[in-house]
Amino acid sequence: MAKQRTLDALFGQSSEPDAKKPRLQKEEDDEVEADEHIDANAAEKTAESVVKNVVSEPSWKSGSPIQYATLVETFSKVEATTKRLDILQYVTDLFVKVIAHCRKTSMECASENLLYTVYMCINRLCPDYEGLELGIGEGLLVKAIAQSTGREVIRIKKELEKQGDLGLVALASRKHQPTMFQAQKLTVPSVFKQLKEIARATGAKSQDKKLGIIKRLLAACVGEESKYLIRSLEGKLRIGLAEKTVLVAVAHAVILTSLGAKASKTDKDELASILESGTNIVKAVFSELPSYNVLIPALLEHGVEGLRDRVKLTPGIPLKPMLAKPTKEIGEVLDRFENRSFTCEYKYDGERAQIHGYIDEQGQQVICVFSRNSEDMSKKYPDLVVQTPHCLGQGVTSFVLDAEAVAWQPLHIAQAERADATDGRLLPFQELSRRKRKDVKAEDIKVSVKIFAFDLLYLNGEPLLNQPLDERRTKLKQHFVPVADEFDYAIHRDCQTTEEIQTFLDESVASGCEGLMVKMLEGPDATYEPSRRSINWLKLKKDYLSGTGDSLDLTVIGGYYGKGKRTNVYGAYLLACYDENSETYQSICKIGTGFSEADLDAHYATLKPLELTQKKGYYDVGDAKPDVYFEPRVVWEVLTADLSLSPVYTAAKSMIDARGISLRFPRFLRIRDDKVPEQSTAPEQIAQMYRAQAVASKKQRGRDDEDDFW
Ligand code: AMP
């Protein structure tokens with residue numbers, strides 16, 4: 001999934017004017033800074049280079065297909081640098097050459113050559129959903145190199161062990177290659193078509209056929225071609241070229257070739273802005289319809305300006321789904337959404353299912369199910385293909401639903417287990433993952449699947465991506481109907497306060513969900529942003545909330561007078577850990593969440609008699625200022641979302657930092673009657689939790705970055 005890692009930055013577009021900038025926004029800004037943003041000087045350099053390419057004769061004959069050597073030359077330059085802008089420049093140059101020279105023959109020729117060149121650059125044969133992969137084992141490649149160079153397999157394997165790169169081994173082996181006749185020079189279209197032929201070869205003789213093609217290709221290689229050919233065949237180009245760079249280079253090349261000689265005469269700031277706005281269009285369109293097969297011909301024919309009207313979300317072609325940013329605590333949700341219109345939905349623990357429906361040219365209804373990575377899952381879920389039409393309202397002819405497919409215990413089985421059951425029940429994700437991925441037969445299916453739809457992206461010929469979620473949701477409810485044990489809408493509630501979100505979260509977890517998804521509901525930030533991990537969707541998972549792993553046992557040493565509904569009780573409390581070395585209680589947090597009204601009454605009754613007239617000398621409270629202090633008698637178990645360094649509290653002071661550590665968004669779990677205050681969690685344990693959390697959050701971020709498409 002590494003290829004999917006980096007493009008997000010380019011899609012960073014949220015311009016949240018809010019003065020209160022939440023941390024998530026900051027992260028997003030950092031990403032944007034790290035992208036291929038092209039400034040005026042870079043634009044000027046690009047323009048100069050374009051003019052050179054457009055007017056100069058390339059190394060291959062005008063109008064003829066692009067030579068494989070030209071592509072390899074670019075690969076080699078890209079591999080030799082780590083500078084992102086240089087890489088972008090090399091790839092743009094290559095695409096400009098292809099367009100400028102192939103279009104002298106025809107636009108179709110330019111389109112075909114550019115398409116194949118792009119696929120070779122991203123090392124793919126087709127869009128993901130077509131599922132065509134090379135699938136060549138290392139053994140076959142070693143054999144092909146051995147046979148085409150007359151070397152022994154064992155020697156090649158030894159060299160591979162030493163070098164770790166079969167491409168380099170192939171290159172080094174070339175000096176052994178018999179050169180009986182000069183083969184025709186390889187071109188990009190011919191190499192690409194032969195790679196496809198290899199991928200399509202099936203059946204008894206397929207290995208021989210593949211071997212034959214690879215040997216023929218190797219025999220025709222010159223210079224460094226064999227190195228990159230073998231790497232392409234292995235599926236690892238290893239030159240540090242991200243797909244996002246390729247897409248930006250396509251946009252730049254199309255814009256610059258259409259400007260032609262004018263490019264170098266245009267003011268460099270203006271040129272930078274033309275390139276940027278054109279690239280944004282290409283990115284937006286590609287997110288909606290991620291198929292170079294459609295994008296490239298449309299771009300060459302109609303230019304960037306004509307793209308939006310012609311290339312749109314199309315049922316049958318999966319778009320990259322919108323993803324959510326992780327949050328560690330409910331407070332972070334409110335930081336982002338407070339005073340905005342937002343909604344909380346159950347976060348179901350199943351598999352993302354993008355369900356497309358349309359009527360094909362023969363008038364037949366087609367239903368396809370795509371995974372989060374745009375693979376066609378219809379073979380894994382033949383039952384969903386059958387079920388989906390049951391939930392369509394009247395007049396629905398084409399649609400794209402965004403949903404979660406969840407393992408489900410149907411009502412009749414639930415009733416056999418519990419006579420009072422009124423509905424089926426969600427089952428854990430593991431039940432679903434037991435299914436085979438391909439060729440599942442309806443009669444073999446043991447675990448039922450229910451769809452929980454949370455979005456509608458397309459309806460009857462119209463993409464809905466630019467509509468706000470509340471409108472999309474209304475349409476979803478108008479045009480799709482719940483079907484028992486088969487289809488329902490994701491359960492949602494519009495919460496306002498931390499307590500309401502907490503209650504809904506607890507309910508979702510009790511029903512077998514992972515937590516909540518919190519989404520912007522109205523306004524321009526509530527549109528569907530394909531392929532983005534957006535701050536307009538936040539995920540709140542139960543295991544993030546108990547992210548520190550353990551709960552803490554803490555002594556109640558102070559109280560804050562309550563306000564409003566809590567006027568007659570304490571509204572919040574000061575908690576402390578206990579340091580047995582210094583025999584002090586060190587303050588760690590103020591807690592006001594997790595208490596029912598009954599709890600608050602009971603705590604008041606217990607603690608009021610323990611009120612002190614002055615603070616104990618062995619209370620090290622730092623800058624915490626409770627209204628009253630208590631005798632150290634009561635221990636509570638508390639859960640926290642997060643630990644953070646604090647200038648106010650003193651727990652574990654000087655162990656990590658000159659500051660103490662405090663709990664963020666602590667929640668009361670229960671009274672620990674079985675513990676005395678001296679058995680409260682120790683500062684060493686708190687410091688340890690803080691360190692463990694730093695490692696865990698780094699790992700989680702890494703995981704989230706990895707599966708981010710861009
Ligand atoms: P994660 O895999 O932790 O990044 O969480 C995102 C995934 O949660 C999505 O890709 C969906 O498969 C899943 N999910 C479950 N319920 C919802 C929902 N209500 N809205 C969006 N995604 C959901």
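The values are calculated or read from the model by the stated rules, or taken from the named source; none is laboratory data. It should be emphasised that the depicted structure is a prediction, and the values quoted were computed from it without experimental measurement. Counting neighbours? That spans all protein chains shown, and the Cβs are built from the backbone with ideal geometry, glycine included.
Data for the structure
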| item | result |
| --- | --- |
| Residue selected from region 470-485 under the condition more than 16 Å from the ligand (Cβ to nearest atom) and either over 22 Å from T314 (Cα atoms) or β-branched (V, I, T) (or both), by the criterion surrounded by the most Cβ atoms within 10 Å (Cβ to Cβ) | D485 |
| Residue check, L643 modelled with pLDDT under 90, more than 25 Å from T606 (Cβ to Cβ) and either in the same structural domain as G592 (by TED's automatic domain parsing) or not in a helix (DSSP H, G or I) (or both) | yes |
| So D506, is it over 30 Å from K244 (Cα atoms) and either more than 10 Å from the ligand (Cβ to nearest atom) or of a type in the set (D, E, K, R) (or both) | yes |
| Single condition I154 does not satisfy, out of (1) surrounded by 13 or more Cβ atoms within 10 Å (Cβ to Cβ); (2) farther than 22 Å from Y119 by Cα; (3) over 36 Å from the mean Cα position of the chain (by Cα) | (1) |
| Filtered residues of region 407-432 (kept if in contact (Cβ under 8 Å) with a residue 24 or more places away in the chain and within 16 Å of the ligand (Cβ to nearest atom)) | A407, W408, L426, L427, P428, F429, E431, L432 |
| Extreme residue, surrounded by the most Cβ atoms within 10 Å (Cβ to Cβ), among residues of region 448-469 that are of a type in the set (D, E, K, R) and under 23 Å from V406 (Cα atoms) | K450 |
| Unmet criterion (only one of (1) in contact (Cβ under 8 Å) with a residue 24 or more places away in the chain; (2) away from the ligand (no atom under 16 Å from the Cβ)) for P321 | (2) |
| Helices (runs of 4 or more DSSP H) contained in region 449-562 and holding at least 3 residues touching a residue at least 40 places away in the same chain (Cβ under 8 Å) | 469-479, 498-510 |
| Considering residues of region 324-354 that are in a strand (DSSP E or B) and among the acidic types (D, E) only, the residue farthest from the ligand (Cβ to nearest atom) | E351 |
| Matching helices (runs of 4 or more DSSP H) fully within region 212-308 where at least 3 residues are not charged (D, E, K, R) | 225-234, 243-259, 268-288, 292-302 |
